[in-house]
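Engineer: Before anything else, here's the structure in question.
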Amino acid sequence: MSQSRRIGIGAVGLLLVLSHGAARAKDIGKLDGSPYRLDVTETALLNWHGDNLNATRRLDDNYAEWINRFNVLWAWKAWQVGLRIDSVKYAGAPRLAEFRDPANGYSADDRALAEQQLPHRYRDTLLVQGNLRPSTRDPSIWPSKVWVSYIKPKFELTLGDAYVAFGRGFVLNIRKFDEIGADTTLQGAKVVGRVGKVTLTGVVGLSNPTRVDDATGTKLADAPIRCEESTAATCRDGWGLPWQTWSRDFIAGARAETKIGTTTVGVHAADIHRRARVDDPTAGKQLFTNDPTFVRDVLGVGANLSAPRISEAFPLNLYSEIAVQRRVPFEDSPDKVSNGYAAYAAASYTAGIVTTSFEGKHYRHYNPVRLNADRSKYGAFSAVQYTANPTVELITQDSLFDNSCTTGGRGRVDVKVTKAYTLFASAGQFANWGLGCGADPTLGITAKGGLLDRHDITDLYTGFDLRAEHGSYLTVMFGTRRETKDVNGDTYYREGWLQANGSQVITGPYSVEVDMWHRDRFQNGEAWREGQTYLSLKYASRGAVVFGHEYSTRGSQINPNPENRGHDLLRPLRIFPFDTNGDGKSDVQHFLNVGGQIKFGDDVIVRFLFGEQRAALKCVSGVCRFFPAFAGLRSELIIRY
């Protein structure tokens with residue numbers, strides 16, 4: 001049976017399962033004289049991945065998947081009980097046997113990459129491993145999220161999964177980033193108490209990241225492989241080593257804050273404890289070593305002050321936060337205790353039609369604490385982290401290569417020319433020393449192992465925002481960024497960019513919307529262009545049709561073979577040439593797609609996208625992850641019962 005036929009049959013089967021598995025709503029009633037409610041939301045995604053024309057042959061091509069998220073929330077009086085189950089089913093996904101069969105023509109590099117990644121990708125999921133103690137027999141019996149909350153004005157208690165953030169996130173920042181597919185909670189206990197003007201918060205538990213990455217099919221789960229099936233150099237108890245590939249972290253933290261007038265003052269502390277390696281008693285306790293925070297304990301202490309308005313006569317908004325970080329290695333590690341510190345401040349002031357704002361940062365070896373996992377296998381989970389340093393950048397900035405050792409600031413001026421028209425401009429200047437820096441007792445710069453390498457960054461942008469009373473708007477921004485090496489003045493990174501998004505009401509509920517972003521980039525000797533334009537035709541909030549065009553000239557992220565146009569279903573969309581200069585090599589790739597959304601009443605939403613989207617690094621407030629190129633069909637059904 002052909003590969004495409006197997007995928008088609010699998011997709012039909014998944015659709016039947018989806019149709020059959022619809023839940024039923026329960027009526028709202030009363031319990032002990034008080035009303036209760038039951039909210040059930042189901043999100044089902046049925047996707048087909050074609051040939052995205054990248055260099056990883058078959059590893060991420062020609063398969064179908066059904067992803068289902070089932071959420072239940074029951075609320076009565078001060079009580080809330082929640083549950084989320086994430087289920088995944090694959091059809092036609094690549095298997096190791098395909099790459100090991102010489103008849104399929106895969107290279108040694110193809111086989112090596114498949115053997116590294118496939119044990120952790122495309123694994124059907126109903127429930128997840130607890131990873132309470134990694135073992136070769138860790139059963140998948142746990143829901144993705146589950147919690148019970150008791151909420152009163154002066155007291156809150158949550159047992160199970162909860163989000164938590166102290167201040168701006170230097171010490172603890174466990175939250176959800178929908179834009180990059182990261183949803184991490186703390187699974188344990190969270191207590192909040194309020195006494196007068198004082199609020200106390202305490203948390204304890206294990207980190208609980210979402211186990212399956214939608215974009216790549218990667219699953220966080222130890223995948224022990226029998227010695228006879230493994231390429232591992234060593235074995236233990238019949239299993240190839242290493243099989244412990246990630247670990248949940250134990251986290252405990254507390255925060256106290258009080259109000260003095262309108263000003264809030266808070267102090268907080270947290271300990272992120274890495275659990276020791278258990279799969280190989282002859283190896284060191286530290287599971288991985290390629291991150292400064294992969295140590296036994298990362299201790300953080302911080303304090304913040306927030307003054308939303310100094311006084312009526314001087315309406316200055318002010319926020320500041322300081323934090324220190326101490327990294328304690330395992331007892332058997334040759335590494336020494338290391339420290340870092342951070343200081344951040346933001347202020348804004350409005351006088352008439354002019355608003356001036358400023359943000360500044362000064363960080364020394366203050367590292368974000370990331371998921372304790374093997375990056376060669378779990379690169380898709382690079383956005384899972386428990387702390388976050390403010391970037392002092394645009395929220396989507398993806399050219400900030402390190403934010404752990406840096407000093408600088410950004411100013412912005414907004415001028416409200418009229419009620420509908422605003423002009424703005426921003427300038428930022430930073431010095432960045434990367435991971436090579438350290439924090440010495442004088443709070444200065446010290447090199448670690450001779451790696452000190454200062455980069456100077458200048459970032460400028462300006463634009464305008466135009467709003468009409470009937471709902472139309474237009475925002476245009478353009479800017480430039482330059483990063484130079486201080487040692488010789490050479491350019492490391494350079495970019496010029498233009499962004500615009502706007503909406504024009506045509507008549508009644510109908511409107512047309514345009515969203516575009518075009519970039520001319522250079523990094524470390526490589527120059528390329530990339531961008532996207534999306535045109536939407538909308539009918540109020542009930543429906544939309546979207547046409548998209550993306551492009552890239554970056555050699556490492558486009559089709560390496562200009563003669564290859566991929567799967568037949570996507571071939572009609574590949575109307576542009578890959579080789580535009582006739583040298584036999586791809587120099588540009590265009591990605592066309594069409595999508596839409598339909599809303600039925602208030603409880604049913606259907607979304608779809610057919611076509612291609614380019615590979616890209618996507619960031620939200622300094623938390624980033626790489627998305628591979630997509631080619632195929634995405635469909636999503638959201639039902640609230």
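The values are calculated or read from the model by the stated rules, or taken from the named source; none is laboratory data. Everything numeric in this text was worked out from a predicted model, so none of it was measured. Note: ideal-geometry Cβ built from the backbone for every residue, glycine included; neighbour counts use all protein chains shown. The protein model used for the area step is the full one, side chains on, heavy atoms only, and it has no ligands, DNA or RNA in it. Shrake-Rupley method; radii C 1.70, N 1.55, O 1.52, S 1.80 Å.
Engineer: From the set of residues in the range 401-430 that are more than 26 Å from residue 474 (Cβ to Cβ) and of a type in the set (Val, Ile, Thr), which is least open to solvent (accessible area, probe 1.4 Å)?
Structural biologist: Filtering the range 401-430 for residues that are more than 26 Å from residue 474 (Cβ to Cβ) and of a type in the set (Val, Ile, Thr), the one least open to solvent (accessible area, probe 1.4 Å) comes out as 406.
Here is a yes/no grid of residues against (1) in a strand (DSSP E or B); (2) touching an Asp or Glu at 6+ places or on another chain (Cβ under 8 Å):
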site: 186; (1), (2): yes, yes
site: 190; (1), (2): yes, yes
site: 194; (1), (2): yes, no
site: 199; (1), (2): yes, yes
site: 202; (1), (2): yes, no
site: 206; (1), (2): yes, yes
site: 215; (1), (2): no, no
site: 223; (1), (2): no, no
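Engineer: Which members of the range 600-612 meet the condition of being at pLDDT 95 or above and either open to solvent by less than 40 Å² (accessible area, probe 1.4 Å) or over 24 Å from the mean Cα position of the chain (by Cα) (or both)?
Structural biologist: Of everything in the range 600-612, those that are at pLDDT 95 or above and either open to solvent by less than 40 Å² (accessible area, probe 1.4 Å) or over 24 Å from the mean Cα position of the chain (by Cα) (or both) turn out to be 604, 605, 609, 611, 612.
Engineer: Out of the range 569-591, which residues are among the basic types (Lys, Arg) and either open to solvent by 50 Å² or more (accessible area, probe 1.4 Å) or over 11 Å from residue 611 (Cα atoms) (or both)?
Structural biologist: 571, 585
Engineer: Tell me which residues, restricted to the range 277-288, are open to solvent by 40 Å² or more (accessible area, probe 1.4 Å) and either in contact (Cβ under 8 Å) with a residue 12 or more places away in the chain or of a type in the set (A, V, I, L, M) (or both).
Structural biologist: The answer is 277, 278, 285.
Engineer: Given the criteria in contact with a helix residue (DSSP H, G or I) (Cβ under 8 Å, 6 or more places away or on another chain) and surrounded by fewer than 14 Cβ atoms within 10 Å (Cβ to Cβ), does residue 261 qualify?
Structural biologist: Criteria not met by residue 261.
Engineer: Report yes if some residue within the range 162-172 is of a type in the set (A, V, I, L, M, F, W, C) and farther than 27 Å from residue 324 by Cα; otherwise report no.
Structural biologist: Scanning the range 162-172 turns up no residue that is of a type in the set (A, V, I, L, M, F, W, C) and farther than 27 Å from residue 324 by Cα.
Engineer: Could you count how many residues in the range 333-349 are of a type in the set (Ser, Thr, Tyr), open to solvent by less than 70 Å² (accessible area, probe 1.4 Å) and farther than 23 Å from residue 276 by Cα?
Structural biologist: Of the residues in that region, 3 qualify.
Engineer: Mind listing just one residue for me: the one in the range 513-525 that is open to solvent by 60 Å² or more (accessible area, probe 1.4 Å) and more than 28 Å from residue 474 (Cβ to Cβ) and, of those, nearest to the chain's Cα centre (by Cα)?
Structural biologist: That would be 524.
Engineer: Does residue 238 qualify as being modelled with pLDDT under 95 and more than 28 Å from residue 63 (Cα to Cα)?
Structural biologist: When the stated conditions are applied, residue 238 passes them.
Engineer: Could you please find all residues in the range 110-140 being basic (Lys, Arg), out of contact with any strand residue (DSSP E or B) (no Cβ under 9 Å at 6 or more places or on another chain) and crowded, with 16+ Cβ neighbours inside 10 Å?
Structural biologist: Within the range 110-140, 111 is the sole residue that qualifies.
Engineer: So, one more: Do we have residue 272 as over 22 Å from residue 336 (Cα atoms) and of a type in the set (Val, Ile, Thr) here?
Structural biologist: Criteria not met by residue 272.
Engineer: Of these, 369, 324, 384, 392, which one is among the aliphatic types (A, V, I, L, M), open to solvent by 60 Å² or more (accessible area, probe 1.4 Å) and under 26 Å from the mean Cα position of the chain (by Cα)?
Structural biologist: Within the list 369, 324, 384, 392, the selection yields 324.
Engineer: Taking the stated definitions as given, is residue 398 open to solvent by 20 Å² or more (accessible area, probe 1.4 Å) and at negative phi?
Structural biologist: No.
Engineer: On the given criteria, is residue 92 open to solvent by less than 40 Å² (accessible area, probe 1.4 Å) and touching a Gly at 6+ places or on another chain (Cβ under 7 Å)?
Structural biologist: yes
Engineer: I want to confirm something. Restricting to the range 234-258 and keeping residues that are charged (D, E, K, R) and outside any loop (DSSP other than H, G, I, E, B), which single residue is surrounded by the fewest Cβ atoms within 10 Å (Cβ to Cβ)?
Structural biologist: Ranking the candidates gives 236 first.
Engineer: Looking only at the range 538-568, which residues are outside any strand (DSSP E or B), open to solvent by less than 40 Å² (accessible area, probe 1.4 Å) and over 21 Å from residue 50 (Cβ atoms)?
Structural biologist: Listed by number, the list holds a single entry, 553.
Engineer: Residues being in contact with a Pro (Cβ under 6 Å, 6 or more places away or on another chain) and open to solvent by less than 10 Å² (accessible area, probe 1.4 Å): count how many of those fall in the range 199-233.
Structural biologist: Number of matching residues: 1.
Engineer: Moving to a separate point now. Within the range 141-162, work out how many residues are without any contact (Cβ under 8 Å) to a residue 40 or more places away in the chain, surrounded by 15 or more Cβ atoms within 10 Å (Cβ to Cβ) and not aliphatic (A, V, I, L, M).
Structural biologist: Within the range 141-162, residues that are without any contact (Cβ under 8 Å) to a residue 40 or more places away in the chain, surrounded by 15 or more Cβ atoms within 10 Å (Cβ to Cβ) and not aliphatic (A, V, I, L, M) number 3.
Engineer: Between a residue in the range 74-98 that is under 29 Å from residue 63 (Cβ atoms) and in a loop (DSSP other than H, G, I, E, B) and any residue that is open to solvent by 40 Å² or more (accessible area, probe 1.4 Å) and not β-branched (Val, Ile, Thr), which pairs come within a Cβ distance under 6 Å, given they are 6 or more apart or on different chains?
Structural biologist: Listed pairs, sorted by first residue: 92/6.
Engineer: Consider residue 122 carefully, then state whether it is over 23 Å from the mean Cα position of the chain (by Cα) and modelled with pLDDT of 95 or more.
Structural biologist: Answer is no for this residue.
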